[in-house]
Amino acid sequence: MGHNHSHHHPPGGPRRHLPDGFSTDASHDNYGPEAAYAVAAEEALPTTKWEEEIARGLEYGLPGADSIVDKRIPTFSRGELPHFAGINTFLKAPYVEDVRRCGEYDVVVLGAPFDGGTTYRSGTRFGPQGIRKISALYGPYSFELGVDLRESITIADVGDVFTIPANIEKTFDQITKAVSHVYASGAFPVVLGGDHSIGYPTTKGVAENLGGGKLGIIHFDRHVDTQETDLDERMHTTPWFHATDLPNVPAENLVQIGIGGWQAPRPGVKVGRERGTTIMTVTDCVEMGIEAAAERALEVAWNGTDAVWLSFDVDCLDAAFVPGTGWPEPGGFLPREVLKFIQLIADARPLAGIEVVECSPPYDNAEITALIATRVICDTLGCLVRAGHLPKRAASA
Ligand SMILES: [Mn+2]
């Protein structure tokens, strides 16, 4: 597929206005523009899949006890409700044990529970569990995005990659094989990290399926992660050195957003300078504006490439918002800044997949780090759906 800058949507996303002929039952026009869009968009969303979920619940979970007034409530919790009940897959998506069935779903969630690449705090081996647990709080509908994931796409949670705790290299091979399998199936991979060392095997798993086409990377982080080794191994400070050593993952298409503070090691900065990665600090992004920053990030990542991977390290947010991470650093993004950034990226062009890394539940007060990790994934999926990039089958039809 030949990609061209001129095809992507202008900043602000493609759906800030309602389609022609779109009307709403709203009885006044005192809404702000975003709220007006949101309220009208909800009216147009179907409830087909929700009705199917209720019917399935009553069948599999038995109709509720006689005293239950709402006859849509089953005896056994099945599906979304109540949010505190049920089995913790991501967004309560069905657990699909047979990974050969990945291709039957639009989106496949897989965990990469590994913290053998951490150089300070560990605990990201519990990241997938933590993200899945708090994701139960979320429904499939976003008000501002005007999207209901349940009505638009199918999501499977295939569980976790069998990582090898004491062996980074074997773990990399396992993750590459897993991501390659999911990507090749046609499903959109969502990888729950894991520390950031997994960025190398995940992008390798995608890159080997592009038929020689090039892969760009949009990387949110406070840290450059571009040095060759750390503590004598390929730790979580090194993924982009090795990814950009792959023949079809050019360093010129690696854009690194939010870099700064006292933890970006000088060897990695040197590598980035020599290889020509693009770095944007938090101040750069805030002062040029998030829309301009997103536009530049898209231009860099998509320049001559065939696919783009989104790698999101939760520590790109200010340490106040992400206590549960390996290397917290003050001065990072505010949640609303980074969510806006993500929305603009996912609205503009399709993505090859996303990973959210460095969520460490043992340090995560009140699950707020896992909460932002969940939110980044949901906003990415919501914007991909809103813009018509997901499901892929519809987008390519
Ligand atoms: Mn980081």
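The values are calculated or read from the model by the stated rules, or taken from the named source; none is laboratory data. In this text, all values refer to a predicted model and were calculated from it rather than measured experimentally. No Cβ is skipped: glycine too gets one built from the backbone with ideal geometry, and neighbour counts run over all protein chains shown.
Okay, here's what the table says:
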item: Set Gly331, Gly324, Gly289: member being of a type outside the set (Asp, Glu) and at negative phi; result: Gly324
item: Members of segment 272-312 found to be assigned to a loop (DSSP other than H, G, I, E, B), out of contact with any Leu (no Cβ under 8 Å at 6 or more places or on another chain) and among the hydroxyl-bearing types (Ser, Thr, Tyr), listed by number; result: Thr281
item: Filter result (within 16 Å of the ligand (Cβ to nearest atom) and out of contact with any helix residue (DSSP H, G or I) (no Cβ under 7 Å at 6 or more places or on another chain)) within segment 336-363; result: Tyr363
item: Selection within segment 285-318 - touching a Cys at 6+ places or on another chain (Cβ under 8 Å) and within 16 Å of the ligand (Cβ to nearest atom); result: Val314
item: Any hit, segment 372-390, residues being surrounded by 24 or more Cβ atoms within 10 Å (Cβ to Cβ), of a type outside the set (Val, Ile, Thr), within 16 Å of the ligand (Cβ to nearest atom) and assigned by TED's automatic domain parsing to the domain that holds Trp262; result: yes
item: Cross-chain or 6+ apart pairs with Cβ under 7 Å, segment 153-170 first and over 22 Å from Ile131 (Cα atoms), then at pLDDT 95 or above; result: Ala166/Gly116; Ile168/Gly116; Ile168/Gly117; Ile168/Ser197; Ile168/Glu233; Ile168/Arg234; Lys170/Ile164
item: Segment 147-192, residues that are assigned to a strand (DSSP E or B) and β-branched (Val, Ile, Thr); result: Val147, Ile155, Val158, Val190, Val191
item: Every residue from segment 87-115 that is touching a residue at least 40 places away in the same chain (Cβ under 8 Å) and part of a helix (DSSP H, G or I); result: Phe90, Leu91, Lys92, Val99, Arg101, Cys102, Gly103, Glu104
item: Selection count, segment 357-370, where residues are surrounded by fewer than 24 Cβ atoms within 10 Å (Cβ to Cβ) and within 17 Å of the chain's Cα centre (by Cα); result: 1
item: Candidates Gly276, Gly261 - the one that is away from the ligand (no atom under 11 Å from the Cβ) and on the phi > 0 side of the Ramachandran plot; result: Gly276
item: Identity of the residue in segment 193-242, in a strand (DSSP E or B) and away from the ligand (no atom under 16 Å from the Cβ), that ends up surrounded by the fewest Cβ atoms within 10 Å (Cβ to Cβ); result: Glu233
item: Residues located in segment 263-300, provided they are out of contact with any Asp or Glu (no Cβ under 6 Å at 6 or more places or on another chain) and at pLDDT below 95; result: Ala264, Pro265
item: Index of the failed condition, Phe333 passing every other in (1) surrounded by fewer than 22 Cβ atoms within 10 Å (Cβ to Cβ); (2) within 16 Å of the ligand (Cβ to nearest atom); (3) over 19 Å from Asp195 (Cβ atoms); result: (1)
item: Any chance Thr118 is in contact (Cβ under 8 Å) with a residue 24 or more places away in the chain, among the polar types (S, T, N, Q), assigned by TED's automatic domain parsing to the domain that holds Cys359 and touching a strand residue (DSSP E or B) at 6+ places or on another chain (Cβ under 7 Å); result: no
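A quick yes/no check of all residues on (1) under 22 Å from Leu149 (Cα atoms); (2) outside the structural domain of Leu145 (by TED's automatic domain parsing); (3) surrounded by 11 or more Cβ atoms within 10 Å (Cβ to Cβ):
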site	(1), (2), (3)
Pro33	no, yes, no
Ala36	yes, yes, yes
Ala40	yes, yes, yes
Ala44	yes, yes, yes
Thr47	yes, yes, yes
Trp50	yes, yes, yes
Ile54	yes, yes, yes
Tyr60	no, yes, yes
Gly64	no, yes, yes
